Amino acid sequence: MIKLFKRRYMLSAIVIGTAYALLQLAFTIYNAVSNGEGNHLFDFYGDKIVSYLLATGAAAGFGVTNDMKTLIELLSTFGNFYEKAYASASLLFLAFVCTAVLSVLSSYALPKTV
């Protein structure tokens with residue numbers, strides 16, 4: 001039951017992170033076209049929340065993959081499956097690192113505009 005929750009949590013972290021990135025893209029294009037100032041508070045708080053969500057999603061992905069691998073270690077046919085699971089969790093961790101860097105950059109831009 002817990003493993004199912006962890007897999008769903010990782011999937012929801014991916015979906016929410018992707019939706020946030022697309023929303024940020026739309027806002028950035030709109031601000032570039034309209035020569036607006038933008039909403040820097042939304043960028044600041046959104047980056048913080050999404051970066052923590054991505055980090056916990058990556059941790060859940062690594063955890064459930066490790067738990068499942070030790071549970072079914074006798075069957076060697078699932079080796080490729082676990083490599084793919086580790087790869088997806090690694091990509092989610094990379095997304096967290098990129099969002100954390102953007103979070104730091106948006107925190108530097110915040111005092112200049114607010």
- The alpha-carbon center of the range 78-106 and that of the range 11-43 are separated, in whole Å, by 20
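How large is Rg over Rh for the range 18-65, taking Rg from the Cα atoms and Rh as the Kirkwood inverse mean of 1/r across Cα pairs? All intermediate terms of the calculation are to be shown ahead of the outcome.
Working: Rg = 14.2 Å, Rh = 12.2 Å.
Expressed as Rg/Rh, it is 1.16.
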- Per the rule of 0.36 nm per residue minus the C-alpha distance, extending residue 66 to residue 7 adds in nm 20.0 nm
- Item | Cα→Cβ-extended label distance, 7 Å offset, between residue 112 and residue 24, nm | 1.7
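For residue 104, what charge total do you get from the other residues with a beta carbon under 11 Å from its beta carbon, if Lys and Arg give +1 and Asp and Glu give -1?
Result for the neighbourhood of residue 104: 0.
Quick note: the coordinates plus some simple rules give every number you see, no bench work behind them. Model, not experiment: these values are computed from the prediction. Glycine also receives a Cβ, built like all others from the backbone with ideal geometry; neighbour counts cover every protein chain displayed.
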